[in-house]
Amino acid sequence: MRTATLYRFSLPMETGVVLRYQRLKTRDGFLVHLQENGQQGWGEIAPLPEFSQETFEQAGEAAMTWLKQWHLGVEPDDSELPSVAFGISCAVAELQGKLPEEADYRKVPLCNGDPDELIVRLSKMRGQKVAKVKVGLYEAVRDGMVVNVLLEAVPDLVLRLDANRSWRRVKADGFAKYVNPDYRNRIAFLEEPCRTQEESLAFACDTGIAIAWDESVRDEGFKIEAQKGVAAIVIKPTLVGSLAHCRQLISVAHNAGLEAVISSSIETSLGLTQLARIAHWLTPATIPGLDTLELIQFQLVRRWPGSTVPVKGLDELEIAWCS
């Protein structure tokens with residue numbers, strides 16, 4: 001016998017979290033709970049405002065439609081809405097015992113704030129020193145200077161940078177001008193530096209700073225292939241779609257000689273722990289980009305190992321639909 005429950009959650013964000021054009025005050029979404037023959041599976045459906053193609057309301061309606069069919073014994077196709085397809089596919093994978101329990105809980109720390117404080121923090125990191133810096137929020141020249149200071153001060157540091165298509169080519173060149181050419185090979189990649197793929201590719205070839213595709217992976221008609229200056233693709237499953245689709249993208253990237261990086265879309269602790277499991281399973285050689293846990297004031301149902309952020313349980317959630 002099949003039973004399903006859809007829970008609704010709304011968790012307060014830490015102050016100061018801004019996504020493109022709006023301040024994110026709460027992280028809103030749904031938890032899917034599937035049960036069948038004594039087995040159970042969980043998944044998180046949480047469209048990210050300003051980034052997801054679907055709204056919270058649309059995701060909820062689509063999830064209910066899928067769950068109603070599944071409850072009746074049908075095996076519905078994946079939803080066309082990425083967040084719904086991903087969350088439900090995780091629940092199904094857990095239910096069927098196909099999502100391995102082992103996880104990669106390493107995080108690439110997201111660096112912001114005072115450079116001097118960052119240098120101390122990064123210098124104390126153990127093991128492989130990989131960190132992420134958001135660029136494109138301020139002047140490109142400032143970003144270049146900060147990146148250069150970090151790479152100079154911490155000689156074994158490797159940086160992942162993310163520009164979110166912020167720059168025109170002239171600004172991207174202004175950034176590169178302030179990064180010592182001797183340090184550029186310690187930039188693992190710069191995600192989507194320019195507003196077009198053509199400009200980003202030309203930037204990589206001209207500066208020697210490797211790039212990664214992020215938003216482009218979700219563009220219609222985009223093809224993953226080996227290209228000069230491209231080092232990786234970044235996969236945000238909540239924005240991409242089902243587990244099966246993510247696996248396919250990772251396989252194509254690896255076959256093209258590219259790194260595939262599993263990255264968060266500010267999921268709750270439940271979603272993040274699943275992403276850590278997926279990363280260990282499908283991209284074991286690559287540290288995932290999951291350093292977003294503390295952007296939300298509460299964990300949800302499942303705790304991230306070692307975190308002291310308080311946890312909200314199921315008894316504190318509203319049931320949106322159940323069978």
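Of note:
- Element breakdown for the stretch 127-240 at a 1.4 angstrom probe: carbon and sulfur atoms account for 49% of the accessible area.
- Angle in degrees between helix 82-95 and the longest Cα principal axis of the chain, rounded to the nearest 10: 60
- Of ARG121, ARG165, ARG218, the one that fluctuates the most in a GNM where the chain has Cα springs shorter than 10 Å: ARG121
- Too-long pairs where the Cα-Cα distance tops 25 Å, listed order kept, from LYS25/LYS132; LYS129/LYS236; LYS134/LYS312: LYS134/LYS312
- Computed with every protein chain present, the accessible area of SER264 is close to 10 Å² [probe 1.4 Å].
- Where the stretch 2-141 is the region considered: accessible area per residue in Å², 1.4 Å probe: 52
- Apolar share of the accessible surface for the stretch 67-117: 46 percent from carbon plus sulfur atoms, 1.4 Å probe.
- Per-residue ³J(HN,Hα) for the stretch 150-165, Karplus 6.51 cos²θ - 1.76 cosθ + 1.60, θ = phi - 60°, Hz, x for Gly and Pro: 5, 5, 6, 7, 10, x, 9, 8, 10, 10, 9, 10, 9, 9, 6, 6
- Restricting the stretch 1-90 to trypsin sites (Lys or Arg not before Pro) that sit in a DSSP loop and have at most 12 other Cβ atoms within 10 Å of their own Cβ leaves ARG20, LYS25.
- Rg [Å, one decimal], Dmax [Å, integer] - the stretch 79-192, C-alpha atoms: 18.1, 52
- Taking all protein chains as shown and a probe of 1.4 angstrom, CYS205 keeps an accessible surface of around 60 Å².
- Of the GluC sites (Glu not before Pro) found in the stretch 77-127, those in coil by DSSP whose Cβ has at most 16 other Cβ atoms within 10 Å are GLU80, GLU101, GLU102.
- Residues whose placed amide H lies under 5 Å from that of GLN299, excluding near-sequence neighbours: VAL311, LYS312
- Restricting the stretch 175-263 to GluC sites (Glu not before Pro) that sit in a DSSP loop and have at most 14 other Cβ atoms within 10 Å of their own Cβ leaves GLU220, GLU225.
- Relative to the longest principal axis of the Cα atoms of the chain, the long axis of helix 243-255 makes an angle of roughly 30 degrees.
- Compactness relative to 2.2 N^0.38 Å, alpha carbon Rg of the stretch 133-233: 0.99
- Proximal aspartates and glutamates to LYS124, defined as alpha-carbon separation beneath 18 angstrom and excluding residues fewer than eight positions away on the same chain: ASP114, ASP116, GLU152, ASP156, ASP291
- Stretching the chain fully between LEU72 and VAL252 yields a gain of 61.3 nm (0.36 nm per residue, less the alpha carbon separation).
- Heavy atoms of ASP206: accessible area, 1.4 Å probe, square angstrom to 10: 110
- Surface analysis of the stretch 174-323 yields an accessible area of 40 Å² per residue, using protein heavy atoms and a 1.4 Å probe.
The values are calculated or read from the model by the stated rules, or taken from the named source; none is laboratory data. Predicted model only: the values in this text are computed from it and were never measured. Note that we place each Cβ from the backbone using ideal geometry, even for glycine, and neighbour counts take in every protein chain shown. To get the accessible areas, we keep the full protein, side chains included, count just its heavy atoms, and leave off ligands, DNA and RNA. Shrake-Rupley method; radii C 1.70, N 1.55, O 1.52, S 1.80 Å.
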